[in-house]
Structure formats: structure tokens, C-alpha cells
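A.B. asks: Pasting in a structure now, in C-alpha cells, and then I'll have a few things to ask.
Computed from the coordinates by the stated procedures, all read-outs in this text should not be read as laboratory data. Here the structure is a predicted model, which is why all the values come from computation and not from measurement. With ideal geometry, Cβ positions are generated from the backbone for all residues, glycine too; neighbour counts draw on all protein chains shown.
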Amino acid sequence: MYNYFKFVLTFIFIQGFALVGFSQGVSMSPTRLFFTGNPGETVTQNVVIHNGSANDYIFNINVKDWNREEDGTKVYFEPGILKQTNSAWISTLEKNINLPAKSTQEVLVTMKIPANASTVEMTNSMLFFTQIGKQKDELKLDKGIGIIALFEFGLHVYYTPAASNSVSVDIISIEATPKQVDNSQAVAIRLFNDGSVVNDAAVELELTNMDSGEEIKLTPINLSMMPGTYQNITHKLPENIKGKYAGVIIVKMAGSNDLRVGEKSFEF
Amino acid sequence: MKNILKTYLQRFQESLFLLLPFKSSTLRVLFISALILTTSFAKAQEVATKVNITLADVLSIDSESAANGGAVDFRYETVSDYNSQKTATVPKSLVVTFSKAFDVKVRANGEYFENGINQIPINVITIQRNESSTLMGKSTPIILSTTDQVLVGSAALGLKLQLDLDYIIPKAKSSSTDILGKPAGSYTQTVTYTASAL
């Protein structure tokens, strides 16, 4: 009975997602491509783009380098600039795709792993599907300032060497940040990805008032880190928090049952 | 022939240690049948409850999004237009479905709003997330530029998340020569909103 219940719930969820998520707009799946293989090999994956709308679209496919700053922000660069780039390894059969209304297309993404590629270091790039404006998108404005808005999908592309499989992250520091002008307070956590693959993690902060025993659980913060990189995250604290608190940081990593736990006492 | 089969059956039964307590052959046959039926039933149960679910990440931008060839207009026709801050709020600038945490960036596709040879720098526009948005995440007002800037960072996954945007031209810009004194006409530029996984 329980299994049937689970099945029905799953069915409803998938149907609901399909109807809401795919029917009325332009969708892309997956949103990240993880390639693996040995130097010298050529590997491929499909990206599915679906146009459930009544409009026709044209997308330009282009690739850029990117890295992530320590606050988690992605920064894009022209292809081939960064050390860990794989922009030059990526290709698609077409540079532009026409996506008529109510149609689906598969785009084959090919990665040619160079013979001299590192067998230990990950590489990355970002494949963009950029909407190209059409004649009818032009502004009907006789005078004034006008903005024409278009949209773009960014698809992460990673190459993970075949032998890389270590999922790990280290908590470097946990600090209360100085009180801001608006009296807001926060706890800053610094992490380091000491594994060998991309680490997707959720960072939780639980605070327990040492006098009253009151517990505060803050909304987890999601992050994604390349191996060998640092990331700083900030948990904003509730307004007017005051007193001595015991803080517990829990880092839950996707693809692993391991947790990382850190503890620190605070006085706010 | 019957005797040969009976001998083989007897040997087979003797080889099954479990059958020794059953003295009569009828009981032994019933026991073996029960074993086979139980096993088959158990297998049937396994198959009936086995459900495979394959989930793929998906990102969708709805066609009802204003960022879909949509336009935002600012008109400067009177003295008070030039001497005040103008805000254009565009509900549903983006309507996004994402099965993972994500962010939204924005960039202009040129340095200027252009009208033939006449130009207005794109940095006259500030964009910010309106509080009415259901797309939540880290967001601060940004001054439009050709660099990709984070409009909403670390947005949580969800269905049909609505991003309502305020486009602002501050008084300091409209009363400056960036806008004031420019020849009358329509100045346009395209901006691109990028959605990608965290």
C-alpha cells in the first residue's frame, strides 16, 4: 500500500513537472554536462531543448571560460583564457539552431579530450544558448529610451579525469562578522574543496541559546565548488539576536553520505 | 520407463535433505510444489513493486516572460520628466522553472542606447529585483553594463518562479547631459538575461 502511495505521488509530481515545466516555455535539459574519459578519447552527450510556446526562437550556441570567485559568483571570460579551460575541446554540429513553436531538438555536444590532457585536474567551460532577437522584437517606440529583453541558457561543461572520484570539503573557518550599520549580524564560513571532483553541498547553521536552550535553524545555503578552490558563505542572522549561542555548522555533500561538522560558540 | 523415472525421482528426493522428514511421496510433491509457488510469488511481488525513476535537471523560461523579445519604455517629454527619477516595473520579467539552485545574470549587448549616430550610455539604467518577485535569492541593484552581473544569486529551485524587475533612471542621470539635450528620437539597446545552475 505504501509503495503504491509512493508511486502515485511520484507520478503526480512528474506529470505536474512535465505539464508546468515543459509546456509553455523553452526548456533545456540537462543543465550541467559532466564528461569523463581518458586523454585522446572523444566523448559525446545530448542536450534536449524543447519549445512548448507558440513562438519560434533562434539560438546562437557559443562557449566561454568561467571561474567562480570566493563569494560564489561565476565570472565569464573569453574562451581559452583560463588555465582550467576546456572551451577548445567542445563542439556542436551547428552554431545556430532554429527552434520552431511546439518542437524539440537534440543538440549533440562533443568533447575531444586532448592526448596531453591532465589525468588529475578537472577542466570546465560554459556553453551558452543565446536567444537572437528577430525583426518583430524591435521596439515600437517613437521617442524615449527602450530596452529589448532577450534570454540565454548557460550550460556548465565539466571534464573529470577518469580516476578522479574523491568527494570532500573542509571547513576552514567559522567567524561572526562585525555588526553592520543597519545592526544586521552574520556568521561567515570559509570552505575548501579538498576533493578531486565538483562538490555540490548544502551548508546548514544551527544556533542554540546557551541560557534558554532556544534553537534557531537557518535556511541552508547551496553551493558548488571546483576542486582546489575556496568559497565563503554568509548566514545572515535573525534581527535582534542577542546572547550566548552554541553554533553547529553541517555541510551535506551531494553524492556522498559524509558530513562535515564544525562547532563554535558565539556571543551576539 | 516408469521405473527408471521413479528411481531418478527417488534419488533426487533423497538428495534433498529437507525432504527426509516427509515419508509419503504425496507429502514430498506437495512440499516441492509449495516451495516453487512461494518462490514464484515472491518474485512476482518484487517485480510489481520495482519502480525506476530517472530525473534529469531541467531549466525552463516561460513564454509569458517579458524577457522574451519584450520591451521597456522610458519617455522624456516634459521638464518634470527630466527632473525626476523614473521607474518602470516589469512584472514577470522572467518566469523560470529550475530543478536545481541557480542564478540569473544580466548584461547589455552594447555600450549605448542608440538612435542612429546619437547615443545614451547604458549606465543610466539601474535594475533591481522588485519585492513582489517569487524568485528569491541574493540580490542587489545593479548598474547596467556589458559585463554579466548577478541580478539574483543562489536562487532556490522551484516551479514558475516569477522575477519582477524595476528599471530605474535616477534623476542624476536624466538631468545630466547623458540624457538631457540629446536629439529627440527612439534610443534602444538589447539586454540579455542568463539563467544557469549555481
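A.B. asks: If one takes the longest principal axis of the Cα atoms in chain A, at what angle in degrees, from 0 to 90 and to the nearest 10, does the Cα axis of helix A:2-22 lie?
C.D. replies: 60 degrees
A.B. asks: Once you place label points 7 Å from the Cα toward the Cβ at B:Ala172 and A:Lys217, how far apart are they in nm?
C.D. replies: 4.4 nm
A.B. asks: Give me A:Leu155, B:Leu157, B:Leu180, A:Leu33 ranked fewest to most by other Cβ atoms within 10 Å of their Cβ, as a rough exposure proxy. Please report the intermediate quantities before stating the final value.
C.D. replies: Working: A:Leu155 24, B:Leu157 16, B:Leu180 12, A:Leu33 20.
Starting with the residue having the fewest Cβ neighbours, the order is B:Leu180, B:Leu157, A:Leu33, A:Leu155.
A.B. asks: For the pair B:Leu157 and A:Ile241, how long in nm is the line joining their label points, each one 7 Å along Cα→Cβ?
C.D. replies: Distance between the two pseudo-spin positions: 2.6 nm.
A.B. asks: For segment A:94-246, just say rounded, prolate or oblate: build the C-alpha gyration tensor, square-root its eigenvalues into a ≥ b ≥ c, call rounded for a/c under 1.5, and beyond that prolate if a/b exceeds b/c, oblate if not. Let's see the in-between values first.
C.D. replies: Details: a/c = 3.15, a/b = 1.39, b/c = 2.27.
Oblate shape, in that a/c is at least 1.5 and b/c is the bigger or equal ratio.
A.B. asks: Could I ask something else about it? Points 7 angstrom from Cα along the Cβ direction at B:Val51 and A:Glu175: gap in nanometres?
C.D. replies: 4.9 nm
A.B. asks: Then there's this: Past the 18 Å Cα-Cα mark, which pairs from A:Lys236/B:Lys92; A:Lys252/B:Lys105; A:Lys74/B:Lys160; A:Lys74/A:Lys252; A:Lys64/A:Lys112; A:Lys236/B:Lys138? Walk me through the intermediate numbers first.
C.D. replies: Details: A:Lys236/B:Lys92 28 Å; A:Lys252/B:Lys105 27 Å; A:Lys74/B:Lys160 24 Å; A:Lys74/A:Lys252 22 Å; A:Lys64/A:Lys112 16 Å; A:Lys236/B:Lys138 11 Å.
Pairs exceeding the cut-off: A:Lys236/B:Lys92; A:Lys252/B:Lys105; A:Lys74/B:Lys160; A:Lys74/A:Lys252.
A.B. asks: Using a/c under 1.5 as the rounded threshold, could you call segment A:20-96 rounded, prolate or oblate? The axes a ≥ b ≥ c are square roots of the C-alpha gyration tensor eigenvalues, and prolate needs a/b larger than b/c, oblate otherwise. Walk me through the numbers before you get to the answer.
C.D. replies: On the way: a/c = 1.99, a/b = 1.50, b/c = 1.32.
In terms of gyration-tensor shape, prolate.
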